[in-house]
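The values are calculated or read from the model by the stated rules, or taken from the named source; none is laboratory data. Fair warning: this is a prediction, and the values are worked out from it, not measured in the lab. Methodologically, a virtual Cβ is constructed for each residue, glycine included, from the backbone with ideal geometry; neighbour enumeration extends over all protein chains shown.
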Amino acid sequence: MRSKVLVFGGLGQPGRSVVGLYQDLLDTLSVHFDIIAIDPALYSDVEKFDFPYDQSFSSLSEYLKTHSNAKVSAAFILTPVGSHLTIIRDLSSAISIDDLLFVVEKPSFSLNEIEEGFGLIVPSLKNRGARFYFIDTALVTPAMQALLHSGLLTDRGLPHKIVAIATDNPVEIAPELDEFCFGNRIQALNERKLLSPSVSGGAGFGFDMGIHAVAGLVRYLQKSGLLKSKLEIKGVVAERVQHPQLEFEEGAETHLYANALLLHERTSIELVIEGGKAGDIWDRRLELHYDDGVIAVGFGTLKHPPYLWVSNSGVQTFDVSGAGYRMHFNDILHALGLDKPSILSCEESEELMTSSMVLLNRLFEAVGQNPKHRETNVRRVLQHKPQFLTRSELMVRAELQQTLDQIRHKPSV
């Protein structure tokens, strides 16, 4: 009998969830394992992910009625973040987890569960033989890999400022990308309940998108020997854009901006972090600002390839077919004993996402300890505008926007 791979959240609404992005990985795994979906959407009328699962169940308890003794090699946690820790707890209390690989989508845990998740639950389950691999495509972008293996960093030393950005669904966008304009995404965003902290992990778009910015930043800090440096938060701004059709709960933000200082030996590096939707740009990137220029590392979006941009030297793009999730998938296949090269080990993914989630939580705590407390500090705005950037840095932002317009994937004719 073949071992099982459980996919929590493996059915519902593939156009509005991450499950559709896992098609290629599940195809590969189905050659070696029985792939089983566990999703309450099984008996609902929502559009379902059209993957030939060996079996589907509406809940873990339904699965356990007939498979309580089956060997499970991996469990993919692709559900809304508010359910991640509960699923991990429930599964680990019901079956043997020795050598079981938990694959956890971003954000890893709700804000109020980060300490328990990374500090207690994950270590205790690892002591029982479980393994964990945490997903965020900003950790494995080919542009970052190219930067780390180039001479660009050693030639320049440390930047004086780092700007980490992860934003999408801008208010204004090129006509051919109009379906991704914020105004045209509101219904889908309402259905995903990303502005319902009780479902979305304790915050809003700034949490959902901000983790990409922070994860990319943390990866750079790790590779630059800066990850253990003291970080002093100078200011955090949470905003909620006003729109009559936008549904939200108290404490939810549509954009998060943060300003901090990274204290390293005798120098300090200024940090700016921006995450959210309904802003002025669509990108996920890291900007490294030096006295003599700027290096930008683009993580890639649905419509933009990963890129490496050096001011006054042009841009290099990377094949999107080998980027992001594909690189994560190779790591996962490697962890499951299949012959694929890996970039991140399970331990590295845990270290990076622990640091990323802890930092992101610090930013939200600067606004308020919980959604109720944050509500009074969330600014209501008609339009999001960049924060903590100088005039010259805003000029870099505009120049990079022109570059993005040039390199985005054009529709076929």
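Against the definition (exposed (fewer than 14 other Cβ atoms within 10 Å of the Cβ) and on the phi > 0 side of the Ramachandran plot), how does G337 come out, yes or no?
Numbers: exposed (fewer than 14 other Cβ atoms within 10 Å of the Cβ): yes; on the phi > 0 side of the Ramachandran plot: yes.
Criteria met by G337.
Could you pull out the residue among L26, L60, L64, L21 that is at pLDDT 95 or above, surrounded by fewer than 22 Cβ atoms within 10 Å (Cβ to Cβ), within 24 Å of A188 (Cβ to Cβ) and not β-branched (V, I, T)?
Working: L60 fails: within 24 Å of A188 (Cβ to Cβ); L64 fails: within 24 Å of A188 (Cβ to Cβ); L21 fails: at pLDDT 95 or above.
From the options L26, L60, L64, L21, the qualifying one is L26.
Let's see how each residue does on (1) among the charged types (D, E, K, R); (2) in contact with a Cys (Cβ under 6 Å, 6 or more places away or on another chain); (3) not in a helix (DSSP H, G or I):
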site: E113; (1), (2), (3): yes, no, no
site: E116; (1), (2), (3): yes, no, no
site: G119; (1), (2), (3): no, no, no
site: L153; (1), (2), (3): no, no, no
site: A164; (1), (2), (3): no, no, yes
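Of everything in the range 316-330 that's assigned to a helix (DSSP H, G or I) and aromatic (F, W, Y), which residue is surrounded by the most Cβ atoms within 10 Å (Cβ to Cβ)?
Here is the first cut: in the range 316-330, the residues assigned to a helix (DSSP H, G or I) are 320-322, 325-330.
The next check asks that each one be aromatic (F, W, Y); those that pass are 325, 329.
Values: Y325: 17, F329: 21.
Ranking the qualifying residues of the range 316-330, first place goes to F329.
If I go through the range 340-382 residue by residue, how many of them are among the β-branched types (V, I, T) and either crowded, with 21+ Cβ neighbours inside 10 Å or over 20 Å from I233 (Cβ atoms) (or both)? Can you show your working first?
Initial filter on the range 340-382 (among the β-branched types (V, I, T)): 343, 354, 358, 367, 376, 378, 381.
Next, from what is left, pick out any that are either crowded, with 21+ Cβ neighbours inside 10 Å or over 20 Å from I233 (Cβ atoms) (or both): 343, 367, 378, 381.
Going through the range 340-382 one residue at a time, the tally reaches 4.
Give all pairs with beta carbons closer than 9 Å in which a residue from the range 56-76 that is without any contact (Cβ under 8 Å) to a residue 24 or more places away in the chain and in the same structural domain as L29 (by TED's automatic domain parsing) meets a residue that is surrounded by fewer than 17 Cβ atoms within 10 Å (Cβ to Cβ) and β-branched (V, I, T); count only pairs at least 6 apart in sequence or on separate chains.
Hits for this filter: F57/T66.
If Q387 meets every condition in (1) farther than 23 Å from K303 by Cα; (2) assigned to a helix (DSSP H, G or I); (3) not small (G, A, S) apart from one, which number is that one?
(2)
Restricting to the range 98-119, what's the tally of residues that are polar (S, T, N, Q) and farther than 22 Å from A138 by Cβ? Can you show your working first?
Within the range 98-119, the subset polar (S, T, N, Q) is 108, 110, 112.
Checking which are farther than 22 Å from A138 by Cβ leaves us with 112.
Result for the range 98-119: 1.
Failed condition for I95, given (1) under 28 Å from R192 (Cβ atoms); (2) touching a helix residue (DSSP H, G or I) at 6+ places or on another chain (Cβ under 9 Å); (3) crowded, with 18+ Cβ neighbours inside 10 Å, with all others met?
Unmet condition: (1).
What's the number of the condition N312 fails, among (1) surrounded by fewer than 20 Cβ atoms within 10 Å (Cβ to Cβ); (2) more than 28 Å from L194 (Cα to Cα); (3) in contact (Cβ under 8 Å) with a residue 24 or more places away in the chain?
Single failed check for N312: (3).
Between L333, L360, which is part of a helix (DSSP H, G or I) and in contact with a helix residue (DSSP H, G or I) (Cβ under 6 Å, 6 or more places away or on another chain)? Please lay out each step first, then the result.
Numbers: L333 fails: in contact with a helix residue (DSSP H, G or I) (Cβ under 6 Å, 6 or more places away or on another chain).
Only one candidate qualifies: L360.
Looking only at the range 41-78, which residues are more than 22 Å from S96 (Cβ to Cβ) and touching a Gly at 6+ places or on another chain (Cβ under 8 Å)?
Step one: list which residues in the range 41-78 are more than 22 Å from S96 (Cβ to Cβ), which gives 41-53, 56, 58, 78.
Matches in the range 41-78: A41, S44, V46, E47, K48, F49, F51, Y53, S56, L78.
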